[in-house]
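Single-structure report; data block below.
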Amino acid sequence: MFDAKSLLDQFLGGQRDGQGNRPGPDQGSQGTQAAQGSQGIGDFLRGAGGGAVAGSLAALLLGSKTGREIGGEALKLGGMAAVGALAYKAYRDWQAGKQAPAPQEAARQPAPPMLPAPSGTPFNPSTESAQQSLARSLLRAMIAATKADGHVDAQEQARIFAEMDRMALSSEDKAFVMDELRASLDVDAVARGATTPEQAAEIYAASLLAVTVDSAAERGYLAMLAARLKLDDALVAHLHGTVAAATGEKVPAAP
């Protein structure tokens, strides 16, 4: 059975135990050995430290490109909870009428406390089925964002599929990733994954985490996605600032 939550943990780096290690399959997670010991999404996708990580899940999404590294409190929360925490903070600050920090300035500040979104809210559904549905939408959003600049072409897909055959992924996990990578880039399909305004913010946050936004195509894709998700411009600015603060990277301002 396809477990979208577990796969999302592998993309983002799952929770750690008291010794700083991520749980393995015998600890209630389907995390791979490659995930253990990684420092967060950036190092995880980049293949920091070489070995089993390099060229495996790093290739799964971005090939030679890089995602972002979640640090501070958000990292402790695990995959879906980390994305939810980022979106929740941005959404709450936006609703409170706060001024969105410039991403460049936010990146220079210490990572703010990151609280998990309250259970039972759209950011953090209480039922397993709703959690799996949201995790699937976040995964789809992340994979779509990585395709926005045309980097994942047919040749790259073939390399990724070959790498996945060597990984500790279930057949259902592999099938999901293959289907998403092969599918035409469809921003409307990504946007349809949001059933509430809160989940729309979460999908945008996941998309922003997946790429470095260093091309016009990626900036254009994010602008189109924000429009399809019907996100307020000020909320988008808060999402960019919150991701910059959590990752310590100079995330570009909202397109």
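Numerical summary
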| read-out | value |
| --- | --- |
| Residue ID - modelled with the lowest pLDDT, chosen from residues in the range 89-103 that are part of a helix (DSSP H, G or I) and touching a helix residue (DSSP H, G or I) at 6+ places or on another chain (Cβ under 8 Å) | 103 |
| Answer from 185, 208, 225 - the residue that is open to solvent by 20 Å² or more (accessible area, probe 1.4 Å) and within 15 Å of residue 137 (Cα to Cα) | 185 |
| Matching residues, the range 172-196, being assigned to a helix (DSSP H, G or I) and either in contact with a Ser or Thr (Cβ under 7 Å, 6 or more places away or on another chain) or touching a residue at least 60 places away in the same chain (Cβ under 8 Å) (or both) | 172, 173, 175, 176, 177 |
| Residue 160, sole failed condition from (1) farther than 29 Å from residue 102 by Cβ; (2) at pLDDT 80 or above; (3) open to solvent by less than 20 Å² (accessible area, probe 1.4 Å) | (2) |
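The values are calculated or read from the model by the stated rules, or taken from the named source; none is laboratory data. A quick note: this is a predicted structure, and the numbers were derived from the prediction, not measured. Glycine also receives a Cβ, built like all others from the backbone with ideal geometry; neighbour counts cover every protein chain displayed. SASA here: full protein model, heavy atoms, side chains in, ligands and nucleic acids out. Shrake-Rupley method; radii C 1.70, N 1.55, O 1.52, S 1.80 Å.
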